[in-house]
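Here the structure comes first, spelled out in structure tokens, and everything after it is commentary.
The values are calculated or read from the model by the stated rules, or taken from the named source; none is laboratory data. Since the structure is predicted, the reported quantities are computational estimates derived from the model, not experimental observations. Heads up, the Cβs are rebuilt from the backbone with ideal geometry, glycines too, and the neighbour counts pull from every protein chain shown.
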């Protein structure tokens, strides 16, 4: 049996048990993995629902234009629906969002306008303001406004909540959501609490967002608001989708902890998720002392990691922000002090190469000519050649030249260096800022990883 369109594949996403990261928790932790939706995020659910309601209410006509401010995922859901239903799309987003998100939206036919992040929502340059302005200028357009559009939370009341209730056979005790617009947590939480008022709903917020402060005190404190790196959750205002009676507590997670946890989920659980999934699970781990043996916790994993490959899944990006503490080629060199690289020229003899290896206790020697590496000689390579022909000692290094050692960037992580070293190749080279060569061998890497 076939489906009528891609929209029919939305929903019924799997609930998957976490086994490694949460192994020390006393309870069962399940992930509602929403990247199985066709647009790779939970936002597909509410995007289609909001459009359907708008059509029913006559807010958009055939051939019209959908306009929305989106971090990417809602836009993707709307764009898929627009493809099927014959609408145009114009989306505004912020410059803190990953480039992949904007590129994906463009790929499905949307026009994307990038706006500055570090401005007030009321600022005419903000992505909220730009989308509102466009809705007044573009004929036959509909401004979605996912933040205040209550069809957002209705989608989760009708879909996500019932799915989780059925998949856990009513055993769920906690729902954990990294929350932004409020649609997911309120719609899902409302449904689940109607089924069982004892279910706890925990909201995960970001530092730089005012949601937790508002929940705790009822105060809209703009002093809480400042730029943050986390994507897809947290807000600098309180959207109309929020009904705080369905939330039991808010917990904040740092940009770094959320990013690091997302990478752990990929490596340890095999789920390639986005930033908010990492923050969601990190928030749960911070609240682990409130969990009991028979609890069944459901964490919402909102979207797919492919939208963050240039950010949280990029070692360089992580290191530049101090999120990834890993040793690099430079660290290994600094740790052993000033140590000149032993080199040899192609005109010198094999015997001289052997003497250098004995004198400096090295197994790998780069062969240099006019300041450039043209090859290498190694203890293991020379050993095999000398066994076959002892007289080779009097020949030049050029006659026994092996392949040059790979040359890598000075900030290459140690873990990546190991991929360059093979049975045939025992070292890696790099140049520092002054252009001076440095060498790392397999033994340097082994010693580093053993510390």
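Some values worked out for this structure:
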| read-out | value |
| --- | --- |
| Filter result (over 20 Å from residue 148 (Cβ atoms) and not in a loop (DSSP other than H, G, I, E, B)) within segment 214-242 | 216, 217, 223, 224 |
| So residue 261, is it in a loop (DSSP other than H, G, I, E, B), surrounded by 15 or more Cβ atoms within 10 Å (Cβ to Cβ) and at pLDDT 95 or above | no |
| Residue match in segment 203-224 (condition: within 16 Å of residue 153 (Cα to Cα) and either at pLDDT 95 or above or touching a strand residue (DSSP E or B) at 6+ places or on another chain (Cβ under 8 Å) (or both)) | yes |
| Top-ranked residue in segment 405-425 [being surrounded by fewer than 15 Cβ atoms within 10 Å (Cβ to Cβ) and under 24 Å from residue 354 (Cα atoms); ranked as modelled with the highest pLDDT] | 407 |
| Candidate set: segment 82-105, residues that are surrounded by fewer than 19 Cβ atoms within 10 Å (Cβ to Cβ) and either touching a strand residue (DSSP E or B) at 6+ places or on another chain (Cβ under 6 Å) or in the same structural domain as residue 223 (by TED's automatic domain parsing) (or both); chosen: the one farthest from residue 274 (Cα to Cα) | 88 |
| Scan of segment 296-332 for residues that are farther than 21 Å from residue 253 by Cα and in contact with a strand residue (DSSP E or B) (Cβ under 6 Å, 6 or more places away or on another chain), ordered by number | 296, 326, 328, 329, 332 |
| Residue list for segment 152-182, filter: buried (at least 24 other Cβ atoms within 10 Å of the Cβ) and either more than 22 Å from residue 16 (Cα to Cα) or modelled with pLDDT under 95 (or both) | 152, 153, 180, 181, 182 |
| Residue list for segment 336-382, restricted to those being under 47 Å from the mean Cα position of the chain (by Cα) and in a helix (DSSP H, G or I) | 357, 360, 379, 380, 381, 382 |
| When residues of segment 321-347 are limited to those that are surrounded by fewer than 16 Cβ atoms within 10 Å (Cβ to Cβ) and over 20 Å from residue 430 (Cα atoms), the one modelled with the highest pLDDT | 347 |
| Single condition residue 434 does not satisfy, out of (1) touching a helix residue (DSSP H, G or I) at 6+ places or on another chain (Cβ under 7 Å); (2) without any contact (Cβ under 8 Å) to a residue 40 or more places away in the chain | (1) |
| Candidates 357, 368, 373, filtered to the one that is in contact with a helix residue (DSSP H, G or I) (Cβ under 8 Å, 6 or more places away or on another chain), closer than 27 Å to residue 419 by Cβ, assigned by TED's automatic domain parsing to the domain that holds residue 431 and surrounded by 11 or more Cβ atoms within 10 Å (Cβ to Cβ) | 357 |
| Long-range neighbours under 7 Å by Cβ, at least six apart or interchain, first residue free of Cβ contacts under 8 Å to residues at least 60 places away in the same chain within segment 306-328, second outside any helix (DSSP H, G or I) | 317/310; 317/311; 318/312; 318/324 |
| Selected residue (only one of 77, 58, 109, 39 is assigned to a helix (DSSP H, G or I) and either touching a residue at least 24 places away in the same chain (Cβ under 8 Å) or surrounded by fewer than 22 Cβ atoms within 10 Å (Cβ to Cβ) (or both)) | 77 |
| Cross-chain or 6+ apart pairs with Cβ under 8 Å, segment 400-415 first and within 14 Å of residue 327 (Cβ to Cβ), then part of a loop (DSSP other than H, G, I, E, B) | 410/432; 410/433; 413/326; 413/327; 414/326; 414/327; 415/326 |
| Boolean, residue 271 is at pLDDT 95 or above, closer than 20 Å to residue 207 by Cβ and in contact with a helix residue (DSSP H, G or I) (Cβ under 7 Å, 6 or more places away or on another chain) | no |
| Residue 235 vs. criteria crowded, with 22+ Cβ neighbours inside 10 Å, under 22 Å from residue 281 (Cα atoms), at pLDDT below 95 and in the same structural domain as residue 278 (by TED's automatic domain parsing) | no |
| Qualifying residue in segment 385-404 (condition: assigned by TED's automatic domain parsing to the domain that holds residue 351, closer than 29 Å to residue 317 by Cα and surrounded by fewer than 17 Cβ atoms within 10 Å (Cβ to Cβ)) | no |
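Every residue, every condition in (1) modelled with pLDDT of 85 or more; (2) more than 29 Å from residue 389 (Cβ to Cβ); (3) in contact with a helix residue (DSSP H, G or I) (Cβ under 9 Å, 6 or more places away or on another chain); (4) crowded, with 18+ Cβ neighbours inside 10 Å, yes or no:
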| site | (1), (2), (3), (4) |
| --- | --- |
| 286 | yes, yes, yes, no |
| 293 | yes, yes, no, no |
| 303 | yes, yes, yes, yes |
| 306 | yes, yes, yes, no |
| 311 | yes, yes, yes, yes |
| 353 | yes, no, yes, yes |
| 364 | yes, no, yes, yes |
